[in-house]
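For reference, the structure discussed in these notes is given below.
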Amino acid sequence: MEAIYIMWLRQLKRYWRSKSRVIGSLAQPVLFLVALGFGFGPIFEKAGGGNYIQFLAPGIIAMSVLFTSMFNGISLIWDKQFGFLKETLVAPVSRAKILLGRTLGGATVATIQGIFVLIISYIIGFRIENFIMLPIALLFMFLIALLFTALGTTIASKLEDMEGFQLIMSFLIMPIFFMSGALFPVEDLPNPLKIVTVLNPLSYGVDGLRCALNGIFNTAILKDIAVLVVIISIILAIGTYLFSKIEA
């Protein structure tokens, strides 16, 4: 447990040391909230969808968590290139614990980022329907963060350069985000696109987060949690195997 805690704490320290990273990572969510929320809001309302900010904010919170958690894998590649990872791997500690500590640390950072965006959303005009459900919303933020931090770390385990990692992340992140229902309702999509949203793990995170924050949902909240937990378990198992193959 001590090794997991040390790796978790190290990830948090990295986050708080970079003030520009904290501020810069909030710029895109704020831009989406303001530009889309107020730009498409009147059209969404005329179409009978209600207040678009209420619909959009949970999706943008999920987006912020997704981006922060996926790009957390860069720190692993950075450690590889500068030899910090080698110092960690030669320690008499299970590699599974090292991976778990890094993943939990990255997920905590991404969840904090999501909380910041939630606060900004509230300032802009978003309102939480039932504050009793706020802990459930935080749970979904953490599950989304854990899932995509594990995925980013798993991919980074097999790569050596940051440019390749960023290309792969860009290729994955945008389809995952846009086909999750974060920006628009998925009920009336054509069947092929509906299948994509069903297979997209972020869809369950967005759905659960939206249900917890404003009561709008497509899937039962327990099903959302169950799907996320199963996928997290699978990715962590794959990630542990790949991480164990890294040469010290």
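The values are calculated or read from the model by the stated rules, or taken from the named source; none is laboratory data. Keep in mind that what you see is a predicted model, and the values were worked out from it rather than measured. Positions of Cβ are backbone-derived with ideal geometry, glycine not excepted, and every protein chain shown enters the neighbour counts.
Looking for something modelled with pLDDT under 90, part of a helix (DSSP H, G or I), on the phi < 0 side of the Ramachandran plot and surrounded by fewer than 16 Cβ atoms within 10 Å (Cβ to Cβ) - is there at least one such residue anywhere in segment 52-64?
No, every residue in segment 52-64 fails to be modelled with pLDDT under 90, part of a helix (DSSP H, G or I), on the phi < 0 side of the Ramachandran plot and surrounded by fewer than 16 Cβ atoms within 10 Å (Cβ to Cβ).
Residue-wise test of (1) closer than 16 Å to residue 70 by Cα; (2) free of Cβ contacts under 8 Å to residues at least 24 places away in the same chain; (3) of a type in the set (Phe, Trp, Tyr); (4) outside any helix (DSSP H, G or I).
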residue: 143; (1), (2), (3), (4): yes, no, no, no
residue: 184; (1), (2), (3), (4): no, yes, yes, yes
residue: 204; (1), (2), (3), (4): no, no, yes, no
residue: 208; (1), (2), (3), (4): no, no, no, no
residue: 212; (1), (2), (3), (4): no, no, no, no
residue: 219; (1), (2), (3), (4): no, yes, no, yes
residue: 234; (1), (2), (3), (4): no, yes, no, no
residue: 242; (1), (2), (3), (4): no, no, no, no
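Out of 169, 174, which single residue is out of contact with any helix residue (DSSP H, G or I) (no Cβ under 7 Å at 6 or more places or on another chain) and at pLDDT 80 or above?
Criteria check complete, one pass: 174.
With respect to residue 95, determine if the residue is touching a Phe, Trp or Tyr at 6+ places or on another chain (Cβ under 6 Å) and either modelled with pLDDT under 80 or charged (D, E, K, R) (or both).
Criteria met by residue 95.
For (1) of a type in the set (Phe, Trp, Tyr); (2) farther than 17 Å from residue 111 by Cα; (3) out of contact with any His (no Cβ under 6 Å at 6 or more places or on another chain); (4) surrounded by 20 or more Cβ atoms within 10 Å (Cβ to Cβ), each residue gets a yes or a no:
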{"position": "172", "(1), (2), (3), (4)": "no, yes, yes, no"}
{"position": "185", "(1), (2), (3), (4)": "no, yes, yes, no"}
{"position": "204", "(1), (2), (3), (4)": "yes, no, yes, yes"}
{"position": "211", "(1), (2), (3), (4)": "no, yes, yes, yes"}
{"position": "221", "(1), (2), (3), (4)": "no, yes, yes, no"}
{"position": "225", "(1), (2), (3), (4)": "no, no, yes, no"}
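Being under 19 Å from residue 103 (Cα atoms), part of a helix (DSSP H, G or I) and modelled with pLDDT of 85 or more is the requirement here; does residue 195 meet it?
no
Identify the single condition in (1) over 15 Å from residue 183 (Cα atoms); (2) surrounded by fewer than 21 Cβ atoms within 10 Å (Cβ to Cβ); (3) within 17 Å of the chain's Cα centre (by Cα) that residue 200 does not satisfy, given that it satisfies every other one.
(1)
Provide a single number: the residues in segment 117-172 that are of a type in the set (Val, Ile, Thr) and within 14 Å of the chain's Cα centre (by Cα).
Qualifying residue count for the region: 4.
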